[in-house]
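Enquirer: Shown below is the structure under consideration.
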Amino acid sequence: MAAPAPYLTIAEALRERIVGGELAPGSRLPSVAELGREYGVSPSVGARAYSVLPQAGLVISRHGAGHYVRAPEGAA
């Protein structure tokens, strides 16, 4: 069985950090360049990982401002 694509591995690692509470709602996530350095991939792989997380309802992407952990539904 083939290993998952690197962007999916990164997205899953970030998801685990968010769900586990390591990254609190409103927290700014690393830039795509920082993800690239941390995981040893190109920034485009980090950008692709961030394309998955908003679909899962975990992250809000703000053009030009970065990616942030989304507050749970119903949170004030």
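Rule-based calculations on the coordinates, nothing more; no lab input. Here the structure is a predicted model, which means the values were calculated and not measured. Cβ sites come from the backbone with ideal geometry, for glycine too, and all protein chains shown count toward neighbours.
Enquirer: In nanometres, what is the gap between the two model label sites at Glu12 and His63, each 7 Å from Cα along Cα-to-Cβ?
Expert: 3.2 nm
Enquirer: Could I ask something else about it? Rg over Rh of the chain, using C-alpha atoms and the Kirkwood radius, what does it come to?
Expert: Rounded to two decimals, Rg over Rh is 0.97.
Enquirer: Go ahead and estimate [θ] at 222 nm for the chain from helices alone: -39,500 (n - 2.57) per DSSP H run with n ≥ 4, summed, over the residue count, rounded to 500.
Expert: Value at 222 nm, helices only: -12500 deg cm²/dmol.
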